[in-house]
Amino acid sequence: MLFRSLGRVLIAPTHEQAEAKKGTLLARGVPQESIDSMIAGDPDTVGERVQALKDAGLEGYCFSMSDSYDLETLALAGETLSKVFPADALLSA
């Protein structure tokens, strides 16, 4: 049996930029509870949090991003999370 999760990621090159994105979401009316439930931060922070889920038994992580229209941010998320869940490992599961 595979254990996978669905979540939301908010990622930016720096912690400060990630915090600014949180502020923007809050200003747009996104509830604080929703923002707090995201895996958010710089690549190291996001990678560490997802790695902790993997270490706890998670075998895959499907995520959404509020700024997926930003190709640089999307690439950053892909680069970060592919270190935790390499594509070749997922394809063989």
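Among the residues making up the range 37-55, those that are under 16 Å from residue 65 (Cβ atoms) and assigned to a helix (DSSP H, G or I) are 43, 45, 46, 47, 49, 50. I need every pair where a residue in the range 82-93 that is of a type in the set (Val, Ile, Thr) has its Cβ under 9 Å from the Cβ of a residue that is surrounded by 12 or more Cβ atoms within 10 Å (Cβ to Cβ) and modelled with pLDDT under 90, sequence separation at least 6 or different chains. Close Cβ pairs satisfying both conditions: 84/61.
Of all residues in the range 3-15, those satisfying the criterion of being out of contact with any Leu (no Cβ under 7 Å at 6 or more places or on another chain) and either open to solvent by less than 20 Å² (accessible area, probe 1.4 Å) or among the acidic types (Asp, Glu) (or both) are 7, 9, 10, 12. Considering the range 56-89, and only residues there that are in a strand (DSSP E or B) and either among the hydroxyl-bearing types (Ser, Thr, Tyr) or at pLDDT 95 or above (or both), the residue that is most open to solvent (accessible area, probe 1.4 Å) turns out to be 64. When the criteria are applied in full, residue 26 fails the requirement of being assigned to a helix (DSSP H, G or I) and touching a residue at least 40 places away in the same chain (Cβ under 8 Å). Consider the range 16-51 and keep the residues that are of a type in the set (Lys, Arg) and open to solvent by 80 Å² or more (accessible area, probe 1.4 Å). The one that is farthest from the chain's Cα centre (by Cα) is 28.
The values are calculated or read from the model by the stated rules, or taken from the named source; none is laboratory data. Because the structure is predicted, anything quoted here is derived from the model rather than measured. Here the Cβ is made from the backbone with ideal geometry for all residues, glycine too, and neighbour counts use every protein chain on show. All accessible areas refer to the heavy atoms of the entire protein, side chains included, with ligands and DNA or RNA removed. Shrake-Rupley method; radii C 1.70, N 1.55, O 1.52, S 1.80 Å.
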